[in-house]
Amino acid sequence: MSQLESVFGIHAVRAIIDAAPLRVVELWCLKGRDDDAFQAMVTTARQHGVSVQFVPRKTLDDRAKGENHQGVLARIKPAKVATEADLDAILAKTDKPLLLLLDGVTDPHNLGACLRTADAAGVDAVIVPKDKSASLNPTVRKVACGAAETMPLVQVTNLARTMRFLQEQGVWLVGTAGEAEQNLFDCKLQGPMALVMGAEGKGMRRLTRENCDELVKLPMAGVVSSLNVSVATGICLYEVVRQRLGA
């Protein structure tokens, strides 16, 4: 049997109970908590036959290893990891795909925030390299507030090769780089496209940058030279949303 994973935080746990209840093996809840959202989650879990245990806060603190568990922690069967082989099916679902490629985002808080924003903006899948990238751990799931259970996360062996494959399928690759000459808001972002974001601090790797069809930058008026990758991702994705709604 595959090793069980932990998920904590009420939004993350409720999302997986709703989306894939058969993956939930057991649910540990804070003894004495009785607010409506909490009780609704417990009721739904029990309806799906999930074992629910009420435990002291210290038990949850120990299990969550210092993270803010919000009084709930679930043990779940791991989900199947999407790979390059799943891209054809993802692209086939729409004639105007919107993808997010994250090149080496290793901070789980940033990956979770990017998944949450991607879900809200209607992204079809988030693509990350298998190596040198954060993976779906409990922190990512909690920060994503449920988006980790609905947003396909595709782990690929070779990001540059995947980018070339996407180009062959008619997907336009728009990368973000501080040295780019074109402003994000002057770029046409209405067709099939993938937004490519670089790692925290270092930005995109050279080969990733070279495989982009177009490079854009965010205007920076202050003294800081760059934004947090999850913040920049949100700005860029919602510029895509704005343009597509106005198209």
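Brief remarks on what is shown
- Flag for Val240 being outside any helix (DSSP H, G or I) and either touching a residue at least 40 places away in the same chain (Cβ under 8 Å) or touching a helix residue (DSSP H, G or I) at 6+ places or on another chain (Cβ under 7 Å) (or both): no
- Each residue in segment 40-81 was checked for being in a loop (DSSP other than H, G, I, E, B) and more than 13 Å from Val24 (Cβ to Cβ), and 10 pass.
- Where helices (runs of 4 or more DSSP H) fall entirely within segment 82-195, those with at least 1 residues that are over 11 Å from the mean Cα position of the chain (by Cα) and surrounded by fewer than 18 Cβ atoms within 10 Å (Cβ to Cβ) are at 87-92, 159-168.
- Hey, Ala45 under 23 Å from the mean Cα position of the chain (by Cα), more than 28 Å from Asn228 (Cα to Cα) and small (Gly, Ala, Ser) or not: no
- Qualifying residue in segment 162-176 (condition: among the acidic types (Asp, Glu) and within 27 Å of Lys130 (Cβ to Cβ)): yes
- Total residues in segment 123-157, condition within 23 Å of Gly9 (Cα to Cα) and not aliphatic (A, V, I, L, M): 12
- Cβ pairs under 9 Å, 6+ apart, first in segment 62-74 and without any contact (Cβ under 8 Å) to a residue 60 or more places away in the chain, second of a type outside the set (A, V, I, L, M, F, W, C) and part of a loop (DSSP other than H, G, I, E, B): Arg63/His69
- The residue that is modelled with the lowest pLDDT, counting only those in segment 143-162 that are of a type in the set (Val, Ile, Thr) and farther than 21 Å from Glu67 by Cβ, is Thr150.
- Checking each residue of segment 129-142 against the condition of being touching a Ser or Thr at 6+ places or on another chain (Cβ under 7 Å) and at pLDDT 95 or above gives no match.
- Unmet requirement for Thr106, which otherwise passes all of (1) modelled with pLDDT of 95 or more; (2) more than 26 Å from Asp18 (Cα to Cα): (1)
- Criterion: in the same structural domain as Gly175 (by TED's automatic domain parsing) and not acidic (Asp, Glu) - qualifying residue of Ala40, Ala118, Ala64: Ala118
The values are calculated or read from the model by the stated rules, or taken from the named source; none is laboratory data. In this text, all values refer to a predicted model and were calculated from it rather than measured experimentally. Positions of Cβ are generated from backbone atoms using ideal geometry, with glycine treated the same way; all protein chains shown enter the neighbour counts.
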